[in-house]
Amino acid sequence: MTPRTPPRPPGAPEPYGAFATVDSFGGGAAPLLAGFAVTLLALIIQISAALRWPDLALVLFGLAATMFLHVVQLTARAKGYAVTPAQVREWYDDYADPDRQRAVAWELTHHRECWLFLVGRARVFYDCAMLALLVGVAVLLVPRHTRELTPLRWAAIAVAGLAVLAEILEMVDQVLKGRGSRRGPLASLARITGWLAPSDPPVPRRPFR
């Protein structure tokens, strides 16, 4: 009877530093930005009389803070599934056993799928939180009285608006790349978003030699 070939564990993450990247934005950037949004919430309550749309700003910053905290939770859960084959080998003395290798390969594949699901959801929440935060900043810059709209204030609002536009374009670029749009109007839109606000480096993969 021919022995069964053990299944292969999942390959390396793409890119190789994906585990560290998720830890950095979920364990560093997201909680920092959540704290920033909460601080702005307190500030808006104090200066609401000087703002044109204080309630809208409160909603946007509250939404941003909530979603950033959800990103922290998702990435913390995902970290439990970020396991390499080398780490698993250290846990089993009988790893040379084909049955153990099959079980470990199945577990690693399951772990990678769980990690990708949680990270994908965390990235969506992170992008939406960033968009809410940037729109909230733009709303916060609009004064209650029109006479207070000086040229410099207009410039500040324009800068915030450009940041909002860049975030939207990056989110659209992520969606288009996920669909693999290569033909028709979506392909043209993908080239535009990929040039203006690429979600990933627009560097072509060179052929392996």
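Rule-based calculations on the coordinates, nothing more; no lab input. In this text the structure is predicted, and so the values were computed from the model without any measurement. Don't worry about glycine lacking a Cβ; one is built from the backbone with ideal geometry, like all the others, and counts go over all protein chains shown.
Work through the residues other than M67 whose Cβ is under 14 Å from its Cβ and net out their charges, Lys, Arg +1 and Asp, Glu -1. Don't skip to the end; give the middle numbers.
Values: positive: R121, R123; negative: D127, E167.
So the environment of M67 carries a net charge of 0.
Could you compute the net charge surrounding R52? Neighbours are other residues with a C-beta less than 15 Å from the C-beta of R52; K and R count +1, D and E count -1. Spelling it out: positives minus negatives among the neighbours equals +1.
Only residues of region 43-70 count here: report those whose backbone N is under 17 Å from the spot 7 Å along Cα→Cβ of A29, or say none. Once the point is set 7 Å along Cα→Cβ of A29, 64-70 turn out to lie under 17 Å by backbone N, inside region 43-70.
Annotation for E113 and R206: the two label points, set 7 Å from Cα along the Cα-Cβ direction, are 3.7 nm apart.
Once each part is reduced to its C-alpha centroid, what is the distance from region 23-75 to region 109-128 in angstrom? Spelled out, the Cα-based centre of one part sits 22 Å from the other. For A20 and A49, FRET efficiency with R0 = 35 Å and r from the beta-carbon atoms, rounded to 0.05? Result of the calculation: an efficiency of 0.15.
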